[in-house]
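Participant: Please see the structure below; I have some questions.
The values are calculated or read from the model by the stated rules, or taken from the named source; none is laboratory data. In this text, all values refer to a predicted model and were calculated from it rather than measured experimentally. Counting neighbours? That spans all protein chains shown, and the Cβs are built from the backbone with ideal geometry, glycine included.
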Amino acid sequence: MMSLLCITIISLTLAGSAYSGVMTPPPFQISAKVFADLGANVTLPCTLLSKNSMSFGHIGIRVKWTKVADDEALNEDVLMSMGFHKKTYGSFENRVFLQESDDEDASLVMTDVSMEDTGKYHCEIINGMEDTVQEIFLEVQGGLTDGVVFPYFPASGRYNMNFETAMQTCVSLDAVVASYDQLYEAWKDGLDWCNAGWLSDGTVQYPITKPREPCGGSNNGPGLRNYGPRDKDTALYDVFCYTSALKGHFYWLVQPERLTFDEAVQACLDDDAEIAKVGHMYSAWKLEGYDRCDAGWLADGSVRYPISRPRKNCSPTEAAVRLVGFPDKSQKSYGVYCYKTQQ
Ligand SMILES: *[C@@H]1O[C@H](CO)[C@@H](O)[C@H](O)[C@H]1NC(C)=O
């Protein structure tokens with residue numbers, strides 16, 4: 001199902017002034033704004049404007065879709081089409097295609113949109129005679145949920161935290177211990193986790209959507225497996241943490257080297273940011289569709305990567321935040337994710 005919620009044509013202008021090359025004729029420029037829900041498919045409209053020119057399928061016509069940044073040097077290629085030849089680029093690879101509902105249709109279909117796809121796009125139609133640029137703003141809107149529940153165990157290993165330590169640990173990840181209701185919502189949303197963790201009411205539970213023998217038996221249906229209240233001082237378990245939508249910006253730090261943990265911390269500081277916490281990664285992944293197949297250090301000394309578009313070699317079977325582990329901090333094998341609070 002295509003989800004094209006709303007198109008507003010906000011202006012239709014002959015934007016000659018924006019392209020002041022003396023010899024080239026002024027291109028037509030159309031602006032439109034398109035809204036899409038996180039994870040949906042969306043169509044960015046673009047048509048061949050002048051009816052009497054050669055049709056779009058014609059060999060001489062090129063269509064170029066670009067994601068336009070404020071700084072032109074950071075523009076990203078999205079898709080290039082020349083006749084039957086099509087190529088997609090970067091994070092758009094295998095995720096975008098031309099709609100081609102008729103000879104004049106150069107609209108771009110984008111599947112599985114993430115918050116990162118928000119921005120300005122140009123559709124350039126180049127036929128050697130009259131080149132046109134159509135500008136489309138895409139705004140991706142977050143899901144209805146305003147938070148995410150995630151299971152956690154620390155570097156010291158599984159089943160190692162009493163209730164007090166569990167509470168402090170969630171806070172250190174920019175999260176809090178999840179409530180029963182929050183875990184229940186996460187279970188309804190598909191969370192399946194076969195290790196028991198503390199909840200804020202002092203009970204220990206875990207969510208199972210695919211019942212199986214080692215996870216509370218296969219005779220029981222899907223649901224929350226409940227160990228009931230446990231001794232808060234002496235009982236040792238993992239924890240379920242809850243974190244809400246990001247107030248700042250979570251990102252992969254583009255830099256040439258692989259880093260030790262200390263270098264990773266410093267690299268984020270040098271970028272006027274801090275090394276990201278586990279809660280930041282879960283929030284960006286779940287609520288913003290963040291996807292990156294690069295293992296990076298996080299503040300707790302773990303190395304993880306967030307996959308919202310499962311693919312070969314990158315969490316092929318499910319969308320997940322993948323844990324590589326808690327490597328030796330002097331190991332120079334990973335990149336880093338940073339977090340910048342909003343100014
Ligand atoms: C989006 O489009 C792809 C490919 O056409 C399709 O397989 C998928 O089911 C669509 N997803 C949604 C949410 O409509």
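Participant: Name every residue in the stretch 217-230 that is under 16 Å from Val177 (Cβ atoms) and either not in a strand (DSSP E or B) or not assigned by TED's automatic domain parsing to the domain that holds Leu199 (or both), in order of residue number.
Facilitator: Matches in the stretch 217-230: Arg230 only.
Participant: A follow-up question, please. On the given criteria, is Val254 surrounded by fewer than 18 Cβ atoms within 10 Å (Cβ to Cβ) and either assigned by TED's automatic domain parsing to the domain that holds Val177 or in a strand (DSSP E or B) (or both)?
Facilitator: Details: surrounded by fewer than 18 Cβ atoms within 10 Å (Cβ to Cβ): yes; either assigned by TED's automatic domain parsing to the domain that holds Val177 or in a strand (DSSP E or B) (or both): no.
Considered against the rule, which asks whether it is surrounded by fewer than 18 Cβ atoms within 10 Å (Cβ to Cβ) and either assigned by TED's automatic domain parsing to the domain that holds Val177 or in a strand (DSSP E or B) (or both), Val254 comes out as no.
Participant: Of all the residues that make up the stretch 60-90, how many are within 16 Å of the ligand (Cβ to nearest atom) and within 23 Å of Asp294 (Cβ to Cβ)? Write out each step before concluding.
Facilitator: Of the stretch 60-90, the ones within 16 Å of the ligand (Cβ to nearest atom) are 79, 86, 88.
Keeping just the survivors that are within 23 Å of Asp294 (Cβ to Cβ) gives 88.
Going through the stretch 60-90 one residue at a time, the tally reaches 1.
Participant: Would you pick out the residues in the stretch 93-105 that are within 14 Å of the ligand (Cβ to nearest atom), buried (at least 17 other Cβ atoms within 10 Å of the Cβ) and either over 15 Å from the mean Cα position of the chain (by Cα) or part of a helix (DSSP H, G or I) (or both)?
Facilitator: Passing the criteria: Val96, Leu98.
Participant: Within the stretch 88-124, how many residues turn out to be in contact with an Asp or Glu (Cβ under 7 Å, 6 or more places away or on another chain) and over 30 Å from Phe250 (Cα atoms)?
Facilitator: 2
Participant: Starting from residues that are among the β-branched types (Val, Ile, Thr) and within 24 Å of Ser315 (Cα to Cα), keep the ones in the stretch 261-296 and report whichever is surrounded by the most Cβ atoms within 10 Å (Cβ to Cβ). Show your work before the answer.
Facilitator: Of all residues in the stretch 261-296, those among the β-branched types (Val, Ile, Thr) come to 265, 275, 278.
Subset that is within 24 Å of Ser315 (Cα to Cα): 275, 278.
Details: Ile275: 23, Val278: 25.
Among residues in the stretch 261-296 that are among the β-branched types (Val, Ile, Thr) and within 24 Å of Ser315 (Cα to Cα), the one surrounded by the most Cβ atoms within 10 Å (Cβ to Cβ) is Val278.
Participant: Tell me whether the stretch 194-206 contains one or more residues that are β-branched (Val, Ile, Thr), touching a strand residue (DSSP E or B) at 6+ places or on another chain (Cβ under 8 Å) and in contact (Cβ under 8 Å) with a residue 24 or more places away in the chain.
Facilitator: The initial filter retains those residues of the stretch 194-206 that are β-branched (Val, Ile, Thr), namely 203-204.
Going one step further and asking which of them are touching a strand residue (DSSP E or B) at 6+ places or on another chain (Cβ under 8 Å), we end up with 203-204.
Applying the additional criterion that residues be in contact (Cβ under 8 Å) with a residue 24 or more places away in the chain yields 203-204.
Scanning the stretch 194-206 turns up at least one residue that is β-branched (Val, Ile, Thr), touching a strand residue (DSSP E or B) at 6+ places or on another chain (Cβ under 8 Å) and in contact (Cβ under 8 Å) with a residue 24 or more places away in the chain.
Participant: What number of residues in the stretch 106-117 are outside any helix (DSSP H, G or I), within 16 Å of the ligand (Cβ to nearest atom) and touching a strand residue (DSSP E or B) at 6+ places or on another chain (Cβ under 9 Å)? Don't jump to the end; show me each part of the working.
Facilitator: Start the filter on the stretch 106-117 by keeping residues that are outside any helix (DSSP H, G or I), which leaves 106-114.
With the extra rule that they be within 16 Å of the ligand (Cβ to nearest atom), the set shrinks to 107-114.
Subset that is touching a strand residue (DSSP E or B) at 6+ places or on another chain (Cβ under 9 Å): 107-111, 113-114.
Counting residues in the stretch 106-117 that are outside any helix (DSSP H, G or I), within 16 Å of the ligand (Cβ to nearest atom) and touching a strand residue (DSSP E or B) at 6+ places or on another chain (Cβ under 9 Å) gives 7.
Participant: Collect the residues in the stretch 32-43 that are within 14 Å of the ligand (Cβ to nearest atom) and either in contact with a helix residue (DSSP H, G or I) (Cβ under 7 Å, 6 or more places away or on another chain) or assigned to a strand (DSSP E or B) (or both), keeping them in residue-number order. Steps first, please.
Facilitator: As a first pass, look at the stretch 32-43 and keep what is within 14 Å of the ligand (Cβ to nearest atom): 36-43.
Hits for the stretch 32-43 are Ala36, Asp37, Leu38, Val42, Thr43.
Participant: Do we find a residue being farther than 23 Å from Glu318 by Cα and part of a loop (DSSP other than H, G, I, E, B) anywhere in the stretch 188-197?
Facilitator: If we filter the stretch 188-197 for residues that are farther than 23 Å from Glu318 by Cα, which is where we start, we get none.
There is no residue in the stretch 188-197 that is farther than 23 Å from Glu318 by Cα and part of a loop (DSSP other than H, G, I, E, B).
Participant: Now, a different point. Conditions first: (1) modelled with pLDDT of 85 or more; (2) more than 30 Å from Ser308 (Cβ to Cβ); (3) buried (at least 18 other Cβ atoms within 10 Å of the Cβ); (4) not aliphatic (A, V, I, L, M). Phe28 passes all but one, so which condition is the exception?
Facilitator: Against the list (1) modelled with pLDDT of 85 or more; (2) more than 30 Å from Ser308 (Cβ to Cβ); (3) buried (at least 18 other Cβ atoms within 10 Å of the Cβ); (4) not aliphatic (A, V, I, L, M), Phe28 comes up short only on (1).
Participant: Return the pair list, or none, for Cβ contacts closer than 6 Å from residues in the stretch 167-186 that are within 13 Å of Pro151 (Cα to Cα) to residues that are basic (Lys, Arg), at least 6 apart or on different chains.
Facilitator: Listed by first residue and then by second, the contacts come to Leu173/Lys277.
Participant: Does Gln266 count as free of Cβ contacts under 8 Å to residues at least 24 places away in the same chain and more than 28 Å from Pro207 (Cα to Cα)?
Facilitator: On the way: free of Cβ contacts under 8 Å to residues at least 24 places away in the same chain: yes; more than 28 Å from Pro207 (Cα to Cα): yes.
Answer is yes for this residue.
Participant: Further question on the same structure: Given the criteria surrounded by fewer than 15 Cβ atoms within 10 Å (Cβ to Cβ), more than 15 Å from the chain's Cα centre (by Cα) and not acidic (Asp, Glu), does Val324 qualify?
Facilitator: Details: surrounded by fewer than 15 Cβ atoms within 10 Å (Cβ to Cβ): yes; more than 15 Å from the chain's Cα centre (by Cα): yes; not acidic (Asp, Glu): yes.
In short, yes.
Participant: Residues Val324, Val265: which one is of a type in the set (A, V, I, L, M, F, W, C) and either modelled with pLDDT under 95 or part of a strand (DSSP E or B) (or both)? If you could, list the steps in order and put the result at the bottom.
Facilitator: Values: Val265 fails: either modelled with pLDDT under 95 or part of a strand (DSSP E or B) (or both).
It is Val324.
Participant: Mind listing just one residue for me: the one in the stretch 221-261 that is within 16 Å of Ala196 (Cβ to Cβ) and of a type in the set (S, T, N, Q) and, of those, modelled with the highest pLDDT?
Facilitator: Thr234
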